[in-house]
Amino acid sequence: MTKVIVDGKEIDVPPEYTLLQACEAAGAEIPRFCFHERLSIAGNCRMCLIEVAGMPKPQASCALGVKDLPPNKDGSPKVLNTKTPMVRKAREGVMEFLLINHPLDCPICDQGGECDLQDQAMAYGVDGSRFQENKRAVEDKYIGVLVKTIMTRCIHCTRCIRFTTEVAGVSELGAIGRGEDMEITTYLEKAMTSELQGNVVDLCPVGALTSKPYAFAARPWELGKTQSVDVMDAVGSAIRIDTRGREVMRILPRTNDDVNEEWISDKTRHVVDGLRTQRLDQPYIRENGRLVPATWSQAFAAIAAAVKKSNGKRIGAIAGDLAAVEEMYALKQLMVSLGSPNIDARQDGAAVDPKNGRASYLFNATIAGIEKADALLIVGANPRREAAVLNARIRKRWRAGKFPIALIGEQADLTYPYDYIGAGPESLALFVKSKHSDAFNEAARPMMIVGSGVLSHPDGTAVTALAAKVASEFGFMSEDWNGFCVLHTAASRVGALDIGFVPQKDGMTALQMARPGAVDVLFLLGADEIDIQPSAFVVYIGTHGDRGAHRADVILPGAAYPEKSGLYVNTEGRVQMANRAAFPPGDAREDWAILRALSDVLGHRLPFDSLAQLRQGLFKEFPHLMQLDQIAPGKTAHVEKLAEAQGQYDKTPLRSPIEDFYLTNPVARASAIMAECSALHSGAARTAAE
């Protein structure tokens with residue numbers, strides 16, 4: 001540790017700290033535009049100038065390290081001042097320069113109220129300028145459908161360039177020209193293609209880059225702000241949902257260093273318009289082949305009549321990818337009371353089963369643990385499409401140095417280099433003997449990511465067992481490290497496995513229930529990613545007029561994820577709470593409440609009358625779900641048990657189940673913005689192929 005004196009306060013700081021970090025550790029506030037904790041240092045805005053005793057000029061505190069300070073002759077600590085007249089004059093001068101060309105359009109700027117330049121001009125600037133010259137104007141650039149540019153406002157902090165290059169890994173933004181002619185743009189003004197591009201809007205300290213879909217929609221002080229979690233994938237990114245009245249206006253990231261740091265994917269951020277369109281806001285019953293509006297009592301009566309004609313063995317339930325734990329627990333209890341063993345949440349037929357133990361289906365090393373790993377084997381996964389934020393964490397670890405990565409499965413641009421071993425399961429069997437295994441032999445904490453391409457493979461059980469066997473025999477697990485990591489794509493999957501929402505004794509799987517004549521009555525809890533064959537009486541509880549609703553005989557309108565309070569368990573097993581930010585439209589209700597009311601009509605009343613009572617029963621049966629933001633770890637013995645499974649596998653290539661990143665669930669498919677992004681990306685792919 002190194003001693004420094006900041007504004008008269010003596011503190012110890014690590015020598016690798018910058019002066020900016022040292023000053024902030026002492027409680028001083030340092031303004032900045034170009035500096036960002038998660039990006040490389042540029043040192044080009046000069047707003048962070050401070051005075052260092054013994055140095056004649058103000059110093060850029062973001063670019064000078066504590067260890068780089070020349071020592072005092074008497075060995076006394078270096079003195080740093082952040083509030084002297086020299087510092088104040090220097091900052092006022094920098095601000096005056098920044099505002100020479102900046103347009104005075106704050107009243108019409110979307111960044112108004114959330115603008116760093118606005119705030120710092122008030123705190124550190126002066127009330128006038130000595131410059132009378134005309135302001136520079138820059139033509140606006142087209143960089144895609146998500147980010148709007150007004151480049152006259154740009155102050156050349158280069159945060160956006162550094163983000164796309166370093167974090168997103170798709171180097172699409174850069175600077176052209178020099179001096180006064182410098183402009184930031186994409187190559188030939190093409191659209192950006194990164195799945196994380198929306199984060200440049202959060203990073204931009206002025207209004208040069210703003211959200212195109214959100215343009216002129218609302219002001220920040222009009223909005224109610226609710227902390228929640230994302231359900232577009234299984235990562236569980238921390239988000240903030242901003243609402244005005246009953247309407248969700250935008251979604252922004254929250255900082256959670258253990259999960260998403262401060263990034264979110266474009267699907268998470270811009271799926272908002274999908275929450276407003278194609279919504280189910282009243283019950284429907286199919287009469288003469290057509291869905292007609294109905295009352296709740298009519299819909300419940302139709303369901304009761306269908307259930308009465310059947311017996312428990314011929315009734316089934318499938319939970320969708322966006323379902324919260326509480327409603328799956330309520331549906332499971334309803335099925336048990338009806339005598340049905342046919343429940344499943346694995347629409348894709350994934351080869352995961354809670355009977356093997358929790359470690360057999362968790363991302364055991366944790367998302368933050370990626371930074372501790374020293375080798376990575378990806379099997380049947382495309383992290384860039386399946387979990388864009390997690391993929392950025394892998395890239396971060398790769399940039400930190402010496403991190404060999406190998407891939408078995410579908411070749412793709414993952415934003416970092418890797419050794420390609422092969423496409424099928426046989427490549428995994430041969431991995432132990434391959435030349436690529438040398439780096440993994442030397443690794444102290446190797447990691448294996450098993451993706452949905454393995455779990456949903458025709459021989460998924462055998463391939464998953466093979467992966468577990470390789471992990472067990474090849475040193476991916478030790479006393480203090482479990483490198484066997486399952487990457488799920490559905491937000492509901494781990495929670496469903498935790499509460500045992502899988503076929504009970506002699507029960508049918510989701511794929512078996514979907515076959516003709518398999519069941520008489522089938523409940524779909526937001527299940528839209530599975531094709532239900534004719535013959536069954538289908539009850540769909542969901543939010544959008546998607547595939548499940550088109551197939552349904554009775555539709556019961558539910559609440560989307562911002563419209564209900566619910567528990568979700570992410571791919572690493574972290575229990576998270578999604579809070580209600582808005583209310584469902586029309587007659588739609590929260591899913592657990594629908595199931596509770598339906599149970600009364602069916603004559604099998606569920607033992608709760610409120611969400612609190614439901615959770616009380618849930619926590620009593622599954623205590624680990626009480627521990628919010630905590631992970632109940634699995635045991636390495638679970639993975640070893642999984643490895644014991646017997647089975648033969650064929651050479652069918654391992655492929656990621658996600659063909660289109662932007663259209664993976666009913667909310668995304670209802671979004672015009674996601675449809676536009678999808679069309680843009682598929683068009684770009686065709687052009688590249690040609």
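Structure above, values below:
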{"read-out": "Set of lysines near Lys332 by C-alpha distance (under 16 Å), chain-local residues within fewer than 8 positions excluded", "value": "Lys313, Lys505, Lys620"}
{"read-out": "Kirkwood estimate for the range 299-342, i.e. one over the average of 1/r between Cα atoms, Å", "value": "11.3 Å"}
{"read-out": "Dipole magnitude of the chain about its Cα centre (Cβ charges: Lys, Arg +1; Asp, Glu -1), debye to nearest 20", "value": "460 debye"}
{"read-out": "Between the range 369-432 and the range 458-492, the Cα center-to-center distance that results, in Å", "value": "14 Å"}
{"read-out": "Helix-derived mean residue ellipticity, 222 nm - over the chain, DSSP H n ≥ 4, -39500 (n - 2.57), to 500", "value": "-7500 deg cm²/dmol"}
{"read-out": "Lysines with Cα under 16 Å of Lys267, excluding same-chain neighbours fewer than 8 positions away", "value": "Lys212"}
{"read-out": "Mean shadow area of the range 524-619 over all directions, Cα convex hull, nm²", "value": "7.6 nm²"}
{"read-out": "Amide H contacts of Leu362 (H built 1.01 Å from N, under 5 Å, at least 5 apart or other chain)", "value": "Val486"}
{"read-out": "The chain: equivalent-ellipsoid semi-axes (sqrt of 5 x gyration tensor eigenvalues, Cα, Å)", "value": "48, 31, 23"}
{"read-out": "Lysines with Cα under 20 Å of Lys372, excluding same-chain neighbours fewer than 8 positions away", "value": "Lys396, Lys402, Lys635"}
{"read-out": "Fraction of accessible area attributable to carbon and sulfur, the chain (%, probe 1.4 Å)", "value": "51 percent"}
{"read-out": "³J(HN,Hα), Karplus 6.51/-1.76/1.60, whole Hz, each residue of the range 340-349, x for Gly, Pro", "value": "9, x, 8, 10, 6, 10, 9, 4, 8, x"}
{"read-out": "Under-5 Å amide H pairs with Glu261, H placed in peptide plane, nonlocal only", "value": "Asn256"}
{"read-out": "Percent RCO, i.e. relative contact order, over the chain, from Cα pairs under 8 Å lying at least 6 residues apart", "value": "14 percent"}
{"read-out": "Phi-based couplings in Hz for the range 130-144 (Karplus 6.51, -1.76, 1.60; Gly and Pro marked x)", "value": "8, 9, 10, 5, 5, 6, 6, 10, 10, 5, 5, 10, 8, 10, x"}
{"read-out": "The range 411-560, relative contact order [Cα under 8 Å, separation at least 6], %", "value": "13 percent"}
{"read-out": "Whole-angstrom gap from the range 140-163 to the range 200-264, using each part's C-alpha centre", "value": "18 Å"}
{"read-out": "Cα radius of gyration and Dmax for the range 309-365 (Å)", "value": "13.3, 49"}
{"read-out": "Positive-end residue of Leu611, Gly483, Thr84, charge dipole of the chain with Cβ unit charges", "value": "Leu611"}
{"read-out": "15 Å beta-carbon shell around Leu362, net charge (K/R +1, D/E -1)", "value": "+1"}
{"read-out": "Fully extended contour minus Cα-Cα distance, from Gln411 to Glu659, at 0.36 nm per residue", "value": "88.0 nm"}
{"read-out": "Cα-centred dipole magnitude for the range 426-557, charges only on beta-carbon of K, R (+1) and D, E (-1), debye, nearest 20", "value": "120 debye"}
{"read-out": "Antiparallel DSSP beta bridges within the chain, percent to nearest 5", "value": "55 percent"}
{"read-out": "Accessible area per residue in Å² at 1.4 Å probe, computed on the chain", "value": "41 Å²"}
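The values are calculated or read from the model by the stated rules, or taken from the named source; none is laboratory data. None of the values given here were measured: they were computed from a predicted structure. For neighbour counting, all protein chains shown are included, and Cβ atoms are generated from backbone atoms with ideal geometry for every residue, glycine included. Ligands, DNA and RNA are excluded from the accessible area calculation, which covers all protein heavy atoms including side chains. Shrake-Rupley method; radii C 1.70, N 1.55, O 1.52, S 1.80 Å.
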